Amino acid sequence: MQPQSDAGENLRIIRSLMEKATIYRAISAPGALAGGSIAAIVSITGVFLASPSIPAEDEIWWFFVPWLAVFVVAGVFNLWLLGQDGTQGGSDTGFHVSERMRTALGCMLPGLLAGGFCAILQSALEWSTIASLWVLLYGVSLLSTGFFSPTSIRVLGWTFFAAGAVLLIAGAIIAETIQTGDANPLALAHGIMGTTFGLFHIVYAICVWPRRANV
Amino acid sequence: MFDFDKIDKTIHEKGRLGIMTLLAVRTSWTFQDLKSELKMSDGNLITHLRTLHDAGMVAITREILDRPQTSYSLTAKGRAAFQEYLAVLEQIITAGKPKV
């Protein structure tokens with residue numbers, strides 16, 4: 001036995017375990033890829049199908065309902081993946097909610113709920129503005145897990161936050177374009193959702209996938 | 001010359017070192033969380049936890065919430081022993097460094 005190398009090895013184990021025990025990734029790479037892909041498909045379909053002739057009272061079915069479905073499906077799938085991850089290595093199978101997973105969900109929930117409540121403003125705002133608010137609040141929601149998240153989640157959070165802020169600032173210009181009849185507001189909202197929730201998650205998954213086993 | 005008998009053999013075993021490290025990071029861990037973090041089998045983990053409990057380093061709390069749940073935490077003795085163990089590791093590494 002070599003005491004020095006043994007001591008060094010044990011210190012490495014301690015450091016790595018301490019880091020692992022304090023870091024939690026609330027969005028798994030496969031979850032992000034699946035969610036991002038579904039969002040991209042729904043967005044592209046929405047852009048092509050959304051017509052300016054759709055009555056205002058039906059817009060909820062052409063925008064809110066499909067995106068609520070995407071949120072539920074992608075969210076449940078991501079939670080299922082995270083729950084499975086928590087059972088790895090043991091004899092148990094099935095879903096396991098770890099304390100860190102509970103903490104992460106507790107941190108993200110207010111931001112997500114705030115986004116949900118924004119849909120109530122639908123009668124006063126364009127769907128594109130609500131989509132921009134969702135992007136911004138999703139960024140806030142991700143950043144709220146920042147104190148125990150890996151850098152990649154924080155970068156994703158800031159990306160969503162910045163995109164949401166830019167979209168809201170540009171909102172006046174976008175609204176003006178719509179008024180002139182040059183753009184389809186529903187298609188624009190689908191485009192915003194696809195570019196952010198679709199593309200950003202796919203890029204995140206591609207960047208994180210190679211090292212997901214280490215975090 | 002460093003006295004290697006100073007190393008706490010209860011903590012020095014890798015499985016138990018992992019348990020002690022996690023317990024030092026957070027106040028309390030459930031059995032399930034420890035198991036998934038350390039990728040240990042039930043039997044292995046129970047054996048190591050029992051050894052640490054018998055040595056007075058780990059406290060066990062049994063609660064019945066929606067189902068029975070066992071949580072583990074470091075005792076004051078366990079925390080002191082872990083800090084001492086870290087100090088000993090540091091001394092070993094320092095002692096092995098060539099003097100400039």
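The values are calculated or read from the model by the stated rules, or taken from the named source; none is laboratory data. From a predicted model like this one, the values you see are computed outputs, not experimental measurements. So basically every Cβ, Gly included, is an ideal-geometry build from the backbone, and we count neighbours across all protein chains shown.
Given the structure, is A:Gly36 touching a helix residue (DSSP H, G or I) at 6+ places or on another chain (Cβ under 8 Å), of a type outside the set (A, V, I, L, M), more than 30 Å from B:Val25 (Cα to Cα) and in contact (Cβ under 8 Å) with a residue 12 or more places away in the chain?
Yes: the conditions hold for A:Gly36.
When the stretch B:54-79 is filtered for residues that are in a loop (DSSP other than H, G, I, E, B) and under 18 Å from B:His12 (Cβ atoms), the ones remaining, listed by number, are B:Ala55, B:Gly56, B:Met57. Taking the stretch B:1-44 as the range and being more than 9 Å from chain A (Cβ to nearest Cβ) and in a loop (DSSP other than H, G, I, E, B) as the test, the residues that pass are B:Met1, B:Asp3, B:Asp8, B:Glu13, B:Thr27. Applying the condition of being closer than 28 Å to A:Gly146 by Cβ and in a loop (DSSP other than H, G, I, E, B) to the stretch A:1-50 and asking which residue is nearest to the chain's Cα centre (by Cα) yields A:Ile27.
Condition test on A:Thr93, is it hydroxyl-bearing (Ser, Thr, Tyr), within 30 Å of B:Gln69 (Cβ to Cβ) and modelled with pLDDT under 90? So A:Thr93 passes the test.
Residue selection: A:Leu121 fails the criterion of being closer than 21 Å to A:Val203 by Cβ, out of contact with any Phe, Trp or Tyr (no Cβ under 8 Å at 6 or more places or on another chain), part of a helix (DSSP H, G or I) and modelled with pLDDT under 90. When B:Lys39, B:Lys35 are checked against the criterion of being buried (at least 17 other Cβ atoms within 10 Å of the Cβ), among the basic types (Lys, Arg) and either touching a helix residue (DSSP H, G or I) at 6+ places or on another chain (Cβ under 8 Å) or without any contact (Cβ under 8 Å) to a residue 24 or more places away in the chain (or both), B:Lys35 stands alone in meeting it. Take the conditions (1) within 29 Å of A:Trp61 (Cβ to Cβ); (2) modelled with pLDDT of 95 or more; A:Ala172 misses just one of them, which is (2).
From the residues in the stretch A:89-148 that are of a type in the set (Val, Ile, Thr) and within 12 Å of the chain's Cα centre (by Cα), which one is surrounded by the most Cβ atoms within 10 Å (Cβ to Cβ)?
My answer is A:Val135.
Residues in the stretch B:47-69 that are within 14 Å of chain A (Cβ to nearest Cβ) and either charged (D, E, K, R) or touching a residue at least 40 places away in the same chain (Cβ under 8 Å) (or both): B:Glu63, B:Asp66, B:Arg67.
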